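To start, the structure under review is shown below, and the notes come after it.
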Amino acid sequence: MNEHAQETTGANHVCPVSHAGWLASSLRKLLHNPSAILKGLVREGDTALDLGCGPGFFTLPLARLVGESGRVVAVDLQKEMLEMLRVRAARAGLLQRIRPHLCAADVIGYPGPADFVLAFYMVHEVPDIARFMAEVRGLLRPGGRLLMVEPWFHVSARQYRETLAITTQAGLRAIAQPRITLSQATLFERV
Ligand SMILES: C[S@@+](CC[C@H](N)C(=O)[O-])C[C@H]1O[C@@H](n2cnc3c(N)ncnc32)[C@H](O)[C@@H]1O
């Protein structure tokens, strides 16, 4: 395996369930305001995927944006994260719009089609990014969008550039680089 492959397909650390409290905390909104981050990306009636949703910090705001006629597929490989999401969504009265989906590390397993995919602070945890991005492209509608956000404190600029190259090779075109605190972010469109 070459150096590039090691950085992008190595056995990656998965965010522990013990971090869920911080991930879902309302204080986090001071850093990552879901309304500002998702503004203009999701419409009523859309099908949105929250990949690596964790306890659902972005899943609930997405469910509000897609409305009663839309759907959010909340994907994670840890069933404890999906269970926390389920509880939070039920409390917020949003569970009907959300479909929790347990995936494997190397297969999302949702066929699509989706209008929008969010991958917030999770791509660096994926073992094979090329495979993952090919699957994301396959489940997006033509013109559908992916917002990828990675933390600068876990992902070097070089690693991020490599991930961008892999994503572009998978058939997703970078169309914007939103500014998000503590993060490197790119909006892609399916070509
Ligand atoms: C750092 S947390 C971010 C959670 C959420 N996106 C947020 O910003 O609050 C990363 C999440 O991605 C999930 N994850 C890691 N690798 C994954 C994979 N290959 N497929 C799906 N989910 C994955 C972890 O279980 C964890 O819940």
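Which ones in the stretch 55-78 are at positive phi and more than 12 Å from the ligand (Cβ to nearest atom)?
Gly67
Among the listed residues Gly40, Gly52, Gly45, Gly112, which satisfies the condition of being near the ligand (Cβ under 10 Å from one of its atoms) and on the phi > 0 side of the Ramachandran plot?
After ruling out the rest, the residue left standing is Gly52.
How many residues are more than 13 Å from the chain's Cα centre (by Cα) and over 22 Å from Asp115 (Cβ atoms) when one looks only at the stretch 130-163?
Looking only at that region, the number is 14.
Quick one: Arg161 ticks every box in (1) more than 10 Å from the ligand (Cβ to nearest atom); (2) open to solvent by 60 Å² or more (accessible area, probe 1.4 Å); (3) in contact (Cβ under 8 Å) with a residue 24 or more places away in the chain except a single one, so which number is it?
The failed condition is (3).
For Lys29, state whether it is within 13 Å of the ligand (Cβ to nearest atom), modelled with pLDDT under 95 and over 18 Å from Pro113 (Cβ atoms).
So Lys29 passes the test.
Would you say Leu118 is under 28 Å from Gln169 (Cα atoms), within 11 Å of the ligand (Cβ to nearest atom) and buried (at least 18 other Cβ atoms within 10 Å of the Cβ)?
It is true that Leu118 is under 28 Å from Gln169 (Cα atoms), within 11 Å of the ligand (Cβ to nearest atom) and buried (at least 18 other Cβ atoms within 10 Å of the Cβ).
Report, ordered by the first and then the second residue, all pairs with beta carbons closer than 9 Å, sequence separation of six or more or different chains, a first member in the stretch 126-148 that is open to solvent by 60 Å² or more (accessible area, probe 1.4 Å) and of a type in the set (Lys, Arg), and a second member that is within 16 Å of the ligand (Cβ to nearest atom) and part of a helix (DSSP H, G or I).
Sorted first by the residue in the stretch 126-148, then by its partner, the pairs are Arg131/Thr9; Arg137/Thr167.
Restricting to the stretch 93-102, count the residues that are surrounded by fewer than 17 Cβ atoms within 10 Å (Cβ to Cβ) and under 15 Å from the mean Cα position of the chain (by Cα).
Looking only at that region, the number is 2.
The values are calculated or read from the model by the stated rules, or taken from the named source; none is laboratory data. In this text, all values refer to a predicted model and were calculated from it rather than measured experimentally. Don't worry about glycine lacking a Cβ; one is built from the backbone with ideal geometry, like all the others, and counts go over all protein chains shown. Just so you know, the surface numbers come from the protein's heavy atoms only, side chains and all, with ligands and any DNA or RNA stripped out. Shrake-Rupley method; radii C 1.70, N 1.55, O 1.52, S 1.80 Å.
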